[in-house]
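This report concerns only the one structure given below.
The values are calculated or read from the model by the stated rules, or taken from the named source; none is laboratory data. Bear in mind the structure is a predicted one, so any value in this text is a computation, not a measurement. Using ideal geometry, Cβ is built from the backbone for each residue, glycine included, and neighbour counts are taken over all protein chains shown.
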Amino acid sequence: SAAAFDAVRAPAKLPPVEALVPALLQVRATTRPRAQALGDEAQAPSLLRCIGRCDHLPETQAVLGRIANVTQVPIENFENFQILRYLPGQYYRTHHDMSENDNRLASGPRIYTFFLYLSDVEEGGETNFPRLDLDVAPRKGSALLWPSVLEDQPTRQEPKTFHQAKPVIKGTKFA
């Protein structure tokens with residue numbers, strides 16, 4: 001059931017993607033295609049990873065602060081901020097955000113994913129959860145929060161939350 005999900009409507013105070021992405025690029029955020037997720041670099045979204053000084057930008061802090069407020073999880077427990085950019089035809093195949101190998105990390109596995117839509121998309125680009133028969137259309141300022149692990153077994157994957165990004169047909173998706 002979709003009960004495992006919380007839809008979150010973010011306030012208008014979140015900086016727009018038009019401000020956030022250029023701010024990240026100014027401080028040498030790393031960008032790379034996500035070919036390993038697809039095996040086809042031409043169809044892979046680009047990843048912008050916020051590292052180093054990027055974490056301290058006012059735009060980044062505003063977004064992280066809002067996520068911390070909504071999730072009640074301290075910012076110091078977050079992974080690095082990441083932005084995916086999908087152009088028309090790009091998608092992300094079905095995957096899970098937690099790997100059994102994550103249990104070997106000092107930080108442990110990812111417990112939750114907070115997925116924030118930073119742009120509207122004219123057509124396509126839905127986030128699909130095939131095991132829940134659920135599609136979520138990108139809507140700027142909205143977010144999804146889903147568990148990556150089982151509540152009673154936090155070292156085991158939540159099997160319902162395998163997901164994919166459907167191809168963008170028209171527009172650009174930032175998330």
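Worth pointing out:
- Of the residues K160, K173, K140, the single one that is touching a strand residue (DSSP E or B) at 6+ places or on another chain (Cβ under 9 Å) and farther than 15 Å from L84 by Cα is K160.
- Check on N80, part of a helix (DSSP H, G or I) and modelled with pLDDT of 75 or more: no
- Every residue from segment 85-100 that is of a type in the set (S, T, Y), under 16 Å from K173 (Cβ atoms) and more than 13 Å from the chain's Cα centre (by Cα): Y91
- Residues (among the charged types (D, E, K, R), in a helix (DSSP H, G or I) and over 14 Å from L116 (Cβ atoms)) located in segment 43-77: R53, D55, E76
- Checking Q90 against (1) at pLDDT 85 or above; (2) not in a loop (DSSP other than H, G, I, E, B), the condition it does not meet: (2)
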